[in-house]
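Nothing in this text is a laboratory measurement; each read-out follows from the coordinates by a stated rule. Note that the structure is a prediction, hence the values are computed from the model and not measured. Neighbour counts are summed over all protein chains in view; Cβ atoms, including those assigned to glycine, are modelled from backbone coordinates with ideal geometry.
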Amino acid sequence: MSDAQERKALLGPYVTLDGPDGCGKSSQASALAAWLAEEDVDVVHVREPGSTPVGEALRDLLLSNATGDLQPITEVLLFSAARAELMQRVIAPARARGAVVVAERCYLSTAVYQILATENPQPGVLDIRWFEDLTRRVHGACLPDAIFVLDVSADVSMQRRGNRVDDRIEARGEAYHRRVRDGYLLAAEREPRAHVFDSAKPFDVVQEQLRAVIRSLL
């Protein structure tokens, strides 16, 4: 085994939960982190954007309705900046000590919300290959071992969000969120790390499916 292979073998697993708003990623991620802690596993639970001072400030900016409209490329760069901070300051150090990282969202959400679901993409400004190159630069070698895409229809997503106040991106309307759902299914086909789960199933059923993948990584 080479030195690089040995270092990779010693890294803690890094899994992310992603999907449309209302898919249950935050609840499922919290349940996974609690289960791992009960199993005496060193676990770090993070969210994107966020989990660093810069990331939380950018989260407030990106999600606040007071921010108003931003260009899609501006959103891509701000989400990626928050992600770069999280990679270097939290996720990479946690993995280096052997901890399991459970993250809410990853680069897949940016690809979907800011590129694939955009109604009138800017020709020559945003394309998925450009974003994939940017993502490689942001992550370096610290890419997820598995991306859990929790799939729900736009109708279920809206029902689950209920009467809560939508953030700036959630408030974009039904047609946008239907494109988001389609975008996740398309992105998952392109992403070899993606595992798609039917998140309309009972919570405990989905949770056990997620745990099964993590057991295989451990």
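Points worth noting:
- Taking label points 7 Å from Cα along the Cα-to-Cβ direction, R161 and F203 give a separation of 2.1 nm.
- Each residue of segment 189-201 is assigned a 3J(HN,Hα), and the resulting list reads 5, 7, 9, x, 8, 7, 10, 9, 10, 7, 7, 7, 5 Hz, derived from the Karplus form 6.51 cos²θ - 1.76 cosθ + 1.60 (θ = phi - 60°), x at Gly and Pro.
- Over segment 3-217, volume per residue of the alpha carbon convex hull, in Å³: 122
- In this structure, the amide hydrogen of E104, modeled 1.01 Å from its nitrogen in the peptide plane, lies closer than 5 angstrom to those of L17, V46, R47, E48, counting only residues at least 5 positions away or on a different chain.
- Distance between the modelled labels on A34 and E119, one decimal in nanometres: 4.0 nm (7 Å Cα→Cβ projection).
- On the beta carbon distance between A96 and R136, with R0 = 22 Å, the FRET formula returns roughly 0.65.
- Extension gain, A212 to D69: 0.36 nm times the residue separation minus the Cα-Cα distance gives 47.4 nm.
- Stretch gain in nm, segment L61-L185, where the contour uses 0.36 nm per residue and the Cα spacing is subtracted: 41.9 nm
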